[in-house]
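The next block holds one structure in the form of structure tokens; read it before the comments.
The values are calculated or read from the model by the stated rules, or taken from the named source; none is laboratory data. If you're wondering where the values come from, they're calculated on a predicted model, not measured in any experiment. SASA here: full protein model, heavy atoms, side chains in, ligands and nucleic acids out. Shrake-Rupley method; radii C 1.70, N 1.55, O 1.52, S 1.80 Å.
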Amino acid sequence: MQLRLSSWLCLPLCLSLSLSLSLSLSLSLSLSLCLSLALSSSAAADPFANGDLFVGKTIQPSPSDRRFFAGAQFQVAPVQAVVQSVVKKKVAEYTAQNPAAAGVVDYVQYVDPKEVKKMADSGQIDQFKAQLKAELQAQGKWSSEAEQGLNQVTPEKLRMLATIVEYYNAPEPTTTFALEPYAGLNIGPVQLTGQVPIAGFYTQSKSTTMVLGNPGADVRLGGSLGGSGKAFGFALGGSVWAPLGSEDSSTITLSNPLAAPRYLSDYMSWTGYGVFGGEIGLVDLVARGEFVELRPSSPRNRDSNPLNDLRLLRYLHTGVGAVADLGAIGVSVEVDAMWNIKNSKSYHNVWLITGGLRLNLRKVRIGAAVQAPVAKPGDGDAVPVGGLNLGSPASFNVLLNAQLTL
């Protein structure tokens, strides 16, 4: 009887322990399931579905992952408008070839940049010539060579001179930013994308301004073999950029040389590229090569002035990238390099690295990255007038991207 009573007393305790263990196990399983669902909220059964990069082109995923996509890329960088010593070097080279311009350089050193810009913007070329002549006469530097050089000044060259004066006399730090809305359609092996770049500038003395860049379109043909976690893919395509942008948009290339086709307003640009990649487990690996040609579209400034020379530019843009797809989170690293083919020596042996994080939430993808130069270009084409509008790239660029897929 005592034994039975003890058994009845132990029964509630055993039931309580059993129930407690069951609840703990259920709660643990529920939490594990929720965590698994959260981490795989956008994990795709299709290879390369979460393999988006911030700079380089990638293997497009299948239409089952995204048939339509739209979004915007935003970049911002603090950058010195142009290195002053580089401008002075280019001006010195020009005056060495054109002694008649030496008097103009003396004038540039002391004139108020805002005054010259005002005359250039309003087309007051006669007033400029009279003011320059009076200044040179006062300094005792007026000569037949100076008069000959002054007679060669046109409204276009006056605008160029206004730019040089501004940069020659210590430019103020400038924050550049670019907003690039895009939209695309993924139809089987073909992907079509359109983009409208917008350039923006902010300085301490001026309000924020925004201007249109070069609108562009991209056509890509590609596919993949294998399934998620073990696949090989490729893409072949081309892009074209129409020279419809504002002249001021060219300044974006001072902070990001990779953006030249989208913002050099005097050039019609086209590119051809190939992309090859593989997916191994949770990691996508991509390598690509891109041929870029920038063809002068404007008839202006076709003279022997080295500060105004518009030339056919060709260079090669290569890159590799890796994306670790952790489901709701993607981690990416990219390395880009550029190589001169024709007339683009300041693009030769340029290296940049980009690292970023992306949040993949089903149909919405939001990411942020930082890009920095590893090897900067030379200063051969750094003057921001004519030719290739390139200076030393910014010490860093912040890249933001938001995309909606359907």
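At a glance:
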| item | result |
| --- | --- |
| Asp65 long-range amide H proximity, modeled H, under 5 Å | none |
| Rh (Kirkwood; distinct C-alpha pairs) - segment 215-364, Å | 17.3 |
| Extension gain (nm, one decimal) between Asp126 and Val374, 0.36 nm per residue minus Cα-Cα | 84.5 nm |
| Of all accessible heavy-atom area on segment 324-371, the percent that carbon and sulfur account for (1.4 Å) | 71 |
